[in-house]
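A.B. asks: The following block contains the structure, expressed as structure tokens.
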Number of protein chains: 4
Amino acid sequence: MVVTNNSGPLAAVLTGPGEPITLHNFAKPNVKRGEVLLHTMYSEVCGTDVHIQQGKLAGVPYPIIPGHFAVGTVEETGGDVQSVSGRPIIRGDIVTFLDVHATCHRCWQCQVNKAPTKCPSRKVYGVSHSSNEGLLGGWSEMILLQNDVAITHLPENVSPLRFIAGGCAMPTAVHAVERGKVGLGDIVVVQGAGPVGLCTGIVAYHSGARVLIADKSTVRLEAAHTLGFEVLDLSTSDNAQSLLEYATQGQRADVVIEATGSPSAIQSGISLVRDAGRYVVVGHYSDAGSTTINPHLDINKKHLEILGTWGVEYIHFHKAIGLLARKELTPSGIKIEDAMTTIYPLHEVNKALSDVRERRVVKAVICANSGD
Amino acid sequence: MVVTNNSGPLAAVLTGPGEPITLHNFAKPNVKRGEVLLHTMYSEVCGTDVHIQQGKLAGVPYPIIPGHFAVGTVEETGGDVQSVSGRPIIRGDIVTFLDVHATCHRCWQCQVNKAPTKCPSRKVYGVSHSSNEGLLGGWSEMILLQNDVAITHLPENVSPLRFIAGGCAMPTAVHAVERGKVGLGDIVVVQGAGPVGLCTGIVAYHSGARVLIADKSTVRLEAAHTLGFEVLDLSTSDNAQSLLEYATQGQRADVVIEATGSPSAIQSGISLVRDAGRYVVVGHYSDAGSTTINPHLDINKKHLEILGTWGVEYIHFHKAIGLLARKELTPSGIKIEDAMTTIYPLHEVNKALSDVRERRVVKAVICANSGD
Amino acid sequence: MVVTNNSGPLAAVLTGPGEPITLHNFAKPNVKRGEVLLHTMYSEVCGTDVHIQQGKLAGVPYPIIPGHFAVGTVEETGGDVQSVSGRPIIRGDIVTFLDVHATCHRCWQCQVNKAPTKCPSRKVYGVSHSSNEGLLGGWSEMILLQNDVAITHLPENVSPLRFIAGGCAMPTAVHAVERGKVGLGDIVVVQGAGPVGLCTGIVAYHSGARVLIADKSTVRLEAAHTLGFEVLDLSTSDNAQSLLEYATQGQRADVVIEATGSPSAIQSGISLVRDAGRYVVVGHYSDAGSTTINPHLDINKKHLEILGTWGVEYIHFHKAIGLLARKELTPSGIKIEDAMTTIYPLHEVNKALSDVRERRVVKAVICANSGD
Amino acid sequence: MVVTNNSGPLAAVLTGPGEPITLHNFAKPNVKRGEVLLHTMYSEVCGTDVHIQQGKLAGVPYPIIPGHFAVGTVEETGGDVQSVSGRPIIRGDIVTFLDVHATCHRCWQCQVNKAPTKCPSRKVYGVSHSSNEGLLGGWSEMILLQNDVAITHLPENVSPLRFIAGGCAMPTAVHAVERGKVGLGDIVVVQGAGPVGLCTGIVAYHSGARVLIADKSTVRLEAAHTLGFEVLDLSTSDNAQSLLEYATQGQRADVVIEATGSPSAIQSGISLVRDAGRYVVVGHYSDAGSTTINPHLDINKKHLEILGTWGVEYIHFHKAIGLLARKELTPSGIKIEDAMTTIYPLHEVNKALSDVRERRVVKAVICANSGD
Ligand SMILES: [Zn+2]
Ligand SMILES: [Zn+2]
Ligand SMILES: [Zn+2]
Ligand SMILES: [Zn+2]
Ligand SMILES: [Zn+2]
Ligand SMILES: [Zn+2]
Ligand SMILES: [Zn+2]
Ligand SMILES: [Zn+2]
């Protein structure tokens, strides 16, 4: 890892697919009107970052500074700037922001299809900005928030570490649970006990559901168990349906939410849904190939709803943060910041990335200014 | 075809899969309290009847009197009987009825899952009653409506022939359009120009949509064209997507409704849906095999909804009849009873069945008392 | 109170409006096919019972045995009888039942309007059966469940006392929260801290909402506080809006749910709802007079939804029981059976009724066989 | 009326409440990047303009150029500009635009409450721009569209006169019908046969409803009748309920939509709704006082939904234009541009305004460049 030697903020740069991350000093940005400069506290490494490093995501303008979710303190503002709730943003405030910005609100997707996550103008911090544009990613000592970024203060009872423990998985989970119309009394099965799966379990639990999490990795099943969830242990049996029926005295699930990214999960997941239930796909953020489905048995005769879940809107981010403020966040009462996170200093970002890729950790957190 | 010789009502009986239909005289039924005896005017032959004759439908208690949709005049009532709207049913009235009855309204499917079309107690005229139980199918000079059957008068401006021209396809179409949340201004593509497809087009049109119907059969495309629909002609090109984009100046469909029964229609149909749109499966009433789907491209990245459509409830039947009362039912103004029906006397029911199976007619109507 | 002297089960009878309740022995019923005879454990006294005694409810066929919610053990069954989930009902089982039965499932309200709580055929235990018909009310040592009553076992972790502590208020609350589309992250204000209001708070909390309960009675505010809710104390200030804005840093409520029965609550409640929010009316089960509303300011300019909530369906009853099985039912962790109930033996039912009427207790529970 | 004498475009200016409109020449604007200068064909006079002239609308920055809906040809563009559908906007194109712009898409209303019609930043052409800012209203020979205005071409089969005949009433009607969840087979009663009421009837009709329009003005009833609607004639009877039951054989309405602006319409309108139906308020755009409502009888016992309808979003505007392209727009087949409009040259705008105020015309259209 090459670290250049000057006084500006240090940031991690990915120069292209398959390349290692290197650290570089950048000039401290000029903060223009409406912009906010953050002193980064935490950012995260997620599955999308692994895909970006592997070159599996289309349209990434390498070189980039990865890291799409982050939290920090305000270093400087370009004049008066307000949060989404209208509260002034002041030097020293602890804030976070939605990674997606530049949605145009004027195009067909935004105005007619009401699909803002599909707006062609949208940009994402840590994903669709080149590092040549500046400090527009989270794996950096400083992040520059452009004047159209939606910023919010963390509530008093949400620590920065708790926020990043949820990270990008939590609003994704809020969106998936919303798509599944999960409500009071529903039986919900989550396929996959990674960050998105565990967060989906948490969100469904707080929406009034009984939650069971299925996985075949004993490490991940242990994580689900620690958070207080019932589990469907697929490490010893691949008959998820009989495990579910045993646990529910013969019922199947009102809603099954796929958070594995594996094509083979689709048909086995559908088999867990009751007639006239819902099946949500949220784990397929990159192309892992095709699978087989029977239109009569799997869809029509079941009177099934299948729902894809692409991206998040601010409302999901907002609800995720509100949820993090709940005192008892997990069924067991254990704190997610204790149970789910492993912290790495910025200069160990390559290790963090490989630990996530190899599933040695549930959630890797980057402490961007570990010398502070 | 064997016709027994006595004075009771004549009915067509299917003794088992692959067998020809034969006509038999039955004893005129005793009409018990709450029951209604119909003098049949018209019944129909639909794709389900073909599947029943081919043995492709599970649980059929052969021998049966097929025919699940019918209309007739009231011959006799068992005391005071009322329609769903509370109007007395009197000898001579022209009435029809929902084929599905005996839904229990007390089981888990009925009360908790709110999936009455999945109630294990439900029975269907012409499908799940043995002919040993009596005149409980439409291919018969008389039909006995048990005391739990939902009966309704035809509105003045819905002739019996127009009713049967819609037949079982019309409430099925109402359900499919409801599942697709089709509304004002939607672009809707219907895959398949058979009875269900054409009726789906009609219902979507009256829900405010622009409708395009896709098929590769020139006979069926001609039918769609005659009713006034735009068509996607797949007889000369298999690139439905480019045909659609040409017709809509680059847009794709808000909703695509599958009414073909062919597994290969699924992935090509999904490719016609815009991001964040809906794909309704209504044509897969029997198992025609599996197909391939890509969870990332076809579901998650598209933010797609896929919706199966099983059975109908009374509300769909009710709305279908209300729709038939509209003066201008089709975009071209042509009457469906003129454009879609071929009438057969009861003793030609085997020909009607083979004509439907071979797609030589759009809709075969049985005139049960052609000697009247 | 007159108690007749013979060996059959004892039941409380209300002979007419304004009359005191008297106890009578009834003949032990013959249990016909499909029926279930319950040995009553608990029933309850609610606001509806007060209205019935005051003659404020239309269509009550005095004399009646009041009491519409109850729980008991199975004394006898008429042959094989099953619960809604298909589990056999056996002598000795602890079961409860939905008070509403005889919904016809065939009329316009049931089939077209999809408003089964408005079906003219429906009957309610403890409300619309005369005592001349038999033991069809809860204030009785035994209750006869007719063959169309929806029966369910209590889950293991729901004690009979916890069930009756929720009582009829809990499914009513489930319905109100459903009408209000309460979801994750919503700010919900409940007007009124009686049984329905407190249960509404509990249901909204488990649906992911932040809940504030408003009342002016210090006794009721204390109850809300004990259960762990934030309160809007109207005993010292009548400015609910400024109390709410103080508690929420300037926000108003996404949903306000009225559970007071007072006409003046309407306009003050609406003032607490944010633009484009929802206002649910659930407390007006009898006519307490009219009030004033400004269509421009209160409805149109606010882009408001107002939602009435009449009766409950089985699904609400089902979800209420499922919710009662949650380990931590209240925000404070206190058990509702400890915090909300006062128990009376059957012969003190007049005292129970007056204590409810005078609001001296939150929830009066009748222990029907206190000598057991 | 004073007309200044120079060569720039002429526009009508309202200097303050109660003042007459006067015409003034303005300098031809410099068209900046992303802006579009329109040569106005038609604009309209609606009820809101009457309220603005009477000073009944809060926050109007007099002097203003009124007129919020208009259609024209493109005179000049500031570089490349695109419509919402991505089509280039070229000199000579016939286009229209949504009057509402400058919605921030970043505030609590926009992002959390999802209530963009309540965004405090939003601006409206003809309503919230001072004439000192330039040609930002429709009663003018030219209109300058700022770079954030959503612009669309008229479809080929929508003439400019047909567009303005619908005018602002049509998207308002689309919104009201959407709020009422009007669908196939619904019985819809519209209260009030002014422009919004008639357009609401048209939109509901194309959503599959049976529509009845109630009014007491014989002129307006005649207009409703000419368009082909059933009417409830309140000029001879004030018993709307018995008129409705007569017309529907005893049914009441699934949905009633208020388009009168009269507080007394509320309770009488609610009486026309069936149990568990919907009541939409869309006519109360200004404060006309309060009315009386009974929370038990009018809301709770009816299980009623009441829905306010504030402002429009682009989607409503889009759907309105799409609907105008239907060949048979009205039930009778008569064209709205023939049946509903009266055309005035720009210099007769005061007469147009008084004719609308006195209800002497259904819809007043301003032909801004009548000398062309
Ligand atoms: Zn991520
Ligand atoms: Zn966009
Ligand atoms: Zn059929
Ligand atoms: Zn059932
Ligand atoms: Zn009924
Ligand atoms: Zn009660
Ligand atoms: Zn805004
Ligand atoms: Zn207007």
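The values are calculated or read from the model by the stated rules, or taken from the named source; none is laboratory data. Not measured: the values here are computed from a predicted model. With ideal geometry, Cβ positions are generated from the backbone for all residues, glycine too; neighbour counts draw on all protein chains shown.
A.B. asks: Given the criteria within 25 Å of B:PHE317 (Cα to Cα) and within 16 Å of ligand 5 (Cβ to nearest atom), does B:GLY72 qualify?
C.D. replies: For B:GLY72, the condition - within 25 Å of B:PHE317 (Cα to Cα) and within 16 Å of ligand 5 (Cβ to nearest atom) - is not met.
A.B. asks: For the list (1) touching a residue at least 60 places away in the same chain (Cβ under 8 Å); (2) away from ligand 2 (no atom under 16 Å from the Cβ), I need the number of the one condition that D:PRO116 fails.
C.D. replies: (2)
A.B. asks: A:ILE187 passes all but one of (1) under 18 Å from the mean Cα position of the chain (by Cα); (2) farther than 22 Å from B:ILE299 by Cα; which number fails?
C.D. replies: Failing condition for A:ILE187: (1).
A.B. asks: Show the residue pairs meeting these rules: Cβ distance below 7 Å; 6+ apart or different chains; first residue within segment B:160-175 and within 20 Å of B:GLY283 (Cβ to Cβ); second residue of a type in the set (Lys, Arg) and more than 16 Å from ligand 5 (Cβ to nearest atom).
C.D. replies: Within 7 Å, the pairs are B:ALA165/B:LYS363; B:GLY167/B:LYS363; B:VAL174/B:LYS319.
A.B. asks: In addition: Looking at D:VAL177, is it away from ligand 1 (no atom under 16 Å from the Cβ), in a loop (DSSP other than H, G, I, E, B) and either under 18 Å from D:ILE65 (Cβ atoms) or modelled with pLDDT of 95 or more (or both)? Lay out the reasoning, then the answer.
C.D. replies: Working: away from ligand 1 (no atom under 16 Å from the Cβ): yes; in a loop (DSSP other than H, G, I, E, B): no; either under 18 Å from D:ILE65 (Cβ atoms) or modelled with pLDDT of 95 or more (or both): yes.
For D:VAL177, the condition - away from ligand 1 (no atom under 16 Å from the Cβ), in a loop (DSSP other than H, G, I, E, B) and either under 18 Å from D:ILE65 (Cβ atoms) or modelled with pLDDT of 95 or more (or both) - is not met.
A.B. asks: Looking at segment A:241-274, which of its residues are among the hydrophobic types (A, V, I, L, M, F, W, C) and more than 10 Å from chain B (Cβ to nearest Cβ)?
C.D. replies: Within segment A:241-274, A:LEU243, A:LEU244, A:ALA247, A:ALA253, A:VAL255, A:VAL256, A:ILE257, A:ALA259, A:ILE270, A:LEU272, A:VAL273 qualify.
A.B. asks: Test B:SER332 against the criterion of being small (Gly, Ala, Ser), part of a loop (DSSP other than H, G, I, E, B) and modelled with pLDDT of 95 or more, and give yes or no.
C.D. replies: The answer is yes for B:SER332.
A.B. asks: I've got another one for you. In segment D:300-308, is there at least one residue being outside the structural domain of D:THR117 (by TED's automatic domain parsing), in a helix (DSSP H, G or I), over 24 Å from D:HIS206 (Cβ atoms) and in contact with a strand residue (DSSP E or B) (Cβ under 7 Å, 6 or more places away or on another chain)?
C.D. replies: yes
A.B. asks: Kindly indicate whether A:VAL74 is more than 16 Å from ligand 6 (Cβ to nearest atom), touching a residue at least 40 places away in the same chain (Cβ under 8 Å) and surrounded by 17 or more Cβ atoms within 10 Å (Cβ to Cβ).
C.D. replies: Spelling it out, it is not the case that A:VAL74 is more than 16 Å from ligand 6 (Cβ to nearest atom), touching a residue at least 40 places away in the same chain (Cβ under 8 Å) and surrounded by 17 or more Cβ atoms within 10 Å (Cβ to Cβ).
A.B. asks: On the given criteria, is D:GLY201 buried (at least 24 other Cβ atoms within 10 Å of the Cβ), part of a loop (DSSP other than H, G, I, E, B) and more than 16 Å from ligand 6 (Cβ to nearest atom)?
C.D. replies: no
A.B. asks: For segment A:87-98, check the following and say yes or no: at least one residue is within 16 Å of ligand 7 (Cβ to nearest atom) and either within 14 Å of chain B (Cβ to nearest Cβ) or at pLDDT below 95 (or both). Reasoning before the result, please.
C.D. replies: Narrowing segment A:87-98 to residues within 16 Å of ligand 7 (Cβ to nearest atom): A:87, A:98.
Right, trim to either within 14 Å of chain B (Cβ to nearest Cβ) or at pLDDT below 95 (or both) and you get none.
Checked segment A:87-98: no residue is within 16 Å of ligand 7 (Cβ to nearest atom) and either within 14 Å of chain B (Cβ to nearest Cβ) or at pLDDT below 95 (or both).
A.B. asks: Can you tell me how many residues within segment D:99-141 are more than 15 Å from ligand 7 (Cβ to nearest atom) and aliphatic (A, V, I, L, M)?
C.D. replies: Residues meeting the conditions: 3.
A.B. asks: Going through segment D:280-292 one residue at a time, which ones are surrounded by 24 or more Cβ atoms within 10 Å (Cβ to Cβ), at the interface with another protein chain (Cβ under 7 Å from one of its Cβ atoms) and part of a strand (DSSP E or B)?
C.D. replies: Matches in segment D:280-292: D:VAL281 only.
Quick grid of which residues meet (1) within 14 Å of chain A (Cβ to nearest Cβ); (2) of a type in the set (Ser, Thr, Tyr); (3) within 13 Å of B:LEU38 (Cα to Cα); (4) within 16 Å of ligand 8 (Cβ to nearest atom):
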| position | (1), (2), (3), (4) |
| --- | --- |
| B:VAL112 | yes, no, no, no |
| B:PRO120 | yes, no, no, no |
| B:SER130 | no, yes, no, no |
| B:GLU141 | no, no, yes, no |
| B:GLN146 | no, no, yes, no |
| B:VAL149 | no, no, yes, no |
| B:HIS153 | no, no, yes, no |
| B:THR172 | yes, yes, no, no |
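A.B. asks: Within segment D:306-315, does at least one residue satisfy the condition of being in contact with a Gly (Cβ under 7 Å, 6 or more places away or on another chain) and more than 9 Å from chain C (Cβ to nearest Cβ)?
C.D. replies: no
A.B. asks: Condition (residue is part of a loop (DSSP other than H, G, I, E, B), in contact with a helix residue (DSSP H, G or I) (Cβ under 6 Å, 6 or more places away or on another chain) and surrounded by fewer than 24 Cβ atoms within 10 Å (Cβ to Cβ)) applied to segment B:161-170: is it met by at least one residue?
C.D. replies: No, there is no match, as no residue in segment B:161-170 is part of a loop (DSSP other than H, G, I, E, B), in contact with a helix residue (DSSP H, G or I) (Cβ under 6 Å, 6 or more places away or on another chain) and surrounded by fewer than 24 Cβ atoms within 10 Å (Cβ to Cβ).
A.B. asks: Across segment D:227-260, what is the number of residues that are small (Gly, Ala, Ser), within 25 Å of the chain's Cα centre (by Cα) and buried (at least 22 other Cβ atoms within 10 Å of the Cβ)?
C.D. replies: Residues flagged as small (Gly, Ala, Ser), within 25 Å of the chain's Cα centre (by Cα) and buried (at least 22 other Cβ atoms within 10 Å of the Cβ) within segment D:227-260 amount to 2.
A.B. asks: Here is a follow-up. In this structure, is C:LEU98 in contact with a Phe, Trp or Tyr (Cβ under 7 Å, 6 or more places away or on another chain) and either within 16 Å of ligand 5 (Cβ to nearest atom) or without any contact (Cβ under 8 Å) to a residue 12 or more places away in the chain (or both)?
C.D. replies: yes
A.B. asks: While we're on this one: Only one of A:GLY192, A:GLY208 is closer than 29 Å to B:ARG278 by Cα, within 14 Å of another protein chain (Cβ to nearest Cβ), without any contact (Cβ under 8 Å) to a residue 40 or more places away in the chain and not hydrophobic (A, V, I, L, M, F, W, C). Can you tell me which?
C.D. replies: Numbers: A:GLY192 fails: without any contact (Cβ under 8 Å) to a residue 40 or more places away in the chain.
After ruling out the rest, the residue left standing is A:GLY208.
A.B. asks: Quick one: is B:GLY277 over 22 Å from A:ASN300 (Cβ atoms) and facing chain A (nearest Cβ under 10 Å)?
C.D. replies: In short, no.
A.B. asks: Which ones in segment A:174-189 are more than 10 Å from chain C (Cβ to nearest Cβ) and either within 16 Å of ligand 8 (Cβ to nearest atom) or under 26 Å from A:ASN239 (Cβ atoms) (or both)?
C.D. replies: A:ALA176, A:GLY180, A:VAL188, A:VAL189
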